[in-house]
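None of the figures in this text is laboratory data; all of them are computed from the coordinates on show. None of the values given here were measured: they were computed from a predicted structure. In this analysis, Cβ positions are derived from the backbone assuming ideal geometry, glycine residues included, and neighbour counts consider all displayed protein chains.
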Amino acid sequence: MTGTTDIHAYLAEFDDIPGTRVFTAKRARQGYHLNQFAMSLMKAENRERWKADERAYLEEWPLSDEQKQAVLDRDYNRLLDLGGNIYFLAKVFSTDGFSFLQAVSTMSGMSLEEYSAMMIAGGRSPEGLRSIREKR
Amino acid sequence: MMARITAGIGTSHVPALGAAIDLGKTEEPYWAPAFAGYEWTRAWERQQAPDVVILVYNDHASAFDMKIIPTFAIGCGERFEPADEGWGRRKVPTVMGHPDLAWHIAQSCILDEFDMTIVNEMDVDHGLTVPLSMVFGQPEAWPVRVIPLAVNVVTYPPPSGNRCWALGEAIARAVESFPEDLNVQIWGTGGMSHQLQGPRAGLINREWDNRFLDRLEGDSQELRHIPHIEYLRETGSEGIEMVMWLIMRGALGRATRMLHRHYHVPASNTAVGHIVLEPLP
């Protein structure tokens, strides 16, 4: 044990990271059914039903209207805001035939070509993206 | 003759590396540099011929969904099938467990005050099968028994680095009290820097990653005290997976010697890091 960690101080720091949603308990609760819906696409027979009629499939899950719309729109940043977790959302973009690279590039606001080029050049620098408060 | 931990391996477990192997793309210019750094390890591992690998990884919404979230889950079953992660199962061999040693570790760690979750049936995803492919290639059967140790690094809070290190120490004590002549390795997987979400996606921190690799060697205890927020700020939201390397490091004891090291950017969204360590008496 390295000393007691105050859970409030621990969580508060997460909001200081630019462009990042840490999957906290709050998000896990908000996104529970959204993530479980995504998980259901692990089964081939569910993937077939989903592809046949996405809206009807979503109606089987107790999601908010905002969550349903964001799924239909494949708006992954919005889905993260609504409690989605990337490893669960991966079942949705995998079913669409997209790789992590393709799906992740859509969240960065860059084209796949721009994003891939950035990665080949060494990735996004952490400079200026560590802390909103401390501008570092 | 008792079982003993003879070496530790750290490696990324990027799913695209597995796909590159499965699709025969490892010679392509994009992928070749990432794989080149594993050739030394493949040759070394043929000589080592370990009996068992304790493979520390995280499940990526494959065996575990949001219903049950164990912090430390040890696979005590006879066998584990590659998971269907949404695009069909990887065509890699079934992973054969070592139930006797796994149950021994589970029991010993629980008495040692680590509250392990015991798993008798689960599928194993890329987090576990990609490291096996990186080190053993494409055999008909994996040449080693594997004890999966799944760590929650998805839903916050994950275990602290210090807790992971201490679990490694407890695992080493457990292995050393298993009365069978077994050559056991422990692998820590995941990382290095990467962020798979949001506008900051694609973050890579070469300098930080390499300082992490530096401190795995020798007798430094610094890594156990890195707080989660530092991983998040410096290495991206998924860089937190590196706490799993500390279970490996903790299990190697007081000090280590580095046998091999490799670092390459990128593999898909991720910095590939790899290290081979042996314990020093």
Worksheet item: If amide H atoms are built 1.01 Å from N in the plane of the peptide, which residues on other chains or at least 5 residues away come under 5 Å of the amide H of B:R257?
Response: B:G218, B:E278, B:L280
Worksheet item: B:I68 to B:I110: FRET efficiency via 1/(1 + (r/R0)^6), r the Cβ-Cβ distance, R0 22 Å, to the nearest 0.05?
Response: 0.75
Worksheet item: Rounded to the nearest 20 Debye, what is the dipole magnitude of the protein assembly as shown about its Cα centre when Lys and Arg each give +1 and Asp and Glu each give -1 at the C-beta?
Response: 540
Worksheet item: For a paramagnetic label modelled at 7 Å from the Cα of B:E222 toward its Cβ, which residues of the range B:248-279 fall within the zone defined by backbone nitrogen distances under 16 Å?
Response: B:256
Worksheet item: Is the shape of chain A rounded, prolate or oblate, going by the alpha carbon gyration tensor and its root eigenvalues a ≥ b ≥ c, with a/c under 1.5 for rounded and a/b larger than b/c for prolate?
Response: oblate
Worksheet item: Taking θ as phi - 60°, what are the ³J(HN,Hα) couplings along the range A:69-82 by the Karplus curve (6.51, -1.76, 1.60), each to the nearest whole Hz, with x for Gly and Pro?
Response: 5, 5, 5, 4, 7, 6, 8, 5, 4, 4, 5, 5, 5, 9
Worksheet, complete the sentence: Looks like the range B:4-280, by Cα gyration tensor root eigenvalues a ≥ b ≥ c and the a/c under 1.5 rounded cutoff (else prolate when a/b is bigger than b/c, oblate otherwise), is rounded
Practice prompt. Could you list the trypsin sites (Lys or Arg not before Pro) in the range B:197-263 that lie in coil according to DSSP, counting only those with at most 16 other Cβ atoms within 10 Å of their Cβ?
Written response: B:R254
Discussion item. Under 5 Å between amide hydrogens, which residues at least 5 positions from B:A7 or on another chain qualify, with H placed 1.01 Å from N in the peptide plane?
Written reply: B:I186
Worksheet item: Roughly what angle does helix A:86-95 make with the longest principal axis of chain A, taking Cα atoms, 0 to 90 degrees, to the nearest 10?
Response: 30
Fill in: 3J(HN,Hα) from dihedral phi, the range B:157-164, Karplus parametrisation 6.51/-1.76/1.60, rounded to Hz, x for glycine, proline
x, x, x, 5, x, 5, 5, 5
Item to complete: In whole Hz, with x marking every Gly and Pro, tabulate ³J(HN,Hα) for the range B:131-141 from phi via Karplus 6.51 cos²θ - 1.76 cosθ + 1.60, θ = phi - 60°.
Response: x, 4, 5, 4, 8, 10, x, 10, x, 5, 9
Practice prompt. Collect residues whose amide H, placed 1.01 Å from N in the peptide plane, falls under 5 Å from the amide H of A:R124; neighbours closer than 5 in sequence don't count.
Written response: B:L203, B:I204
Response to the item:
Per the protein assembly as shown, sqrt(5λ) over the Cα gyration tensor eigenvalues, sorted largest first, in Å, gives 32, 24, 22
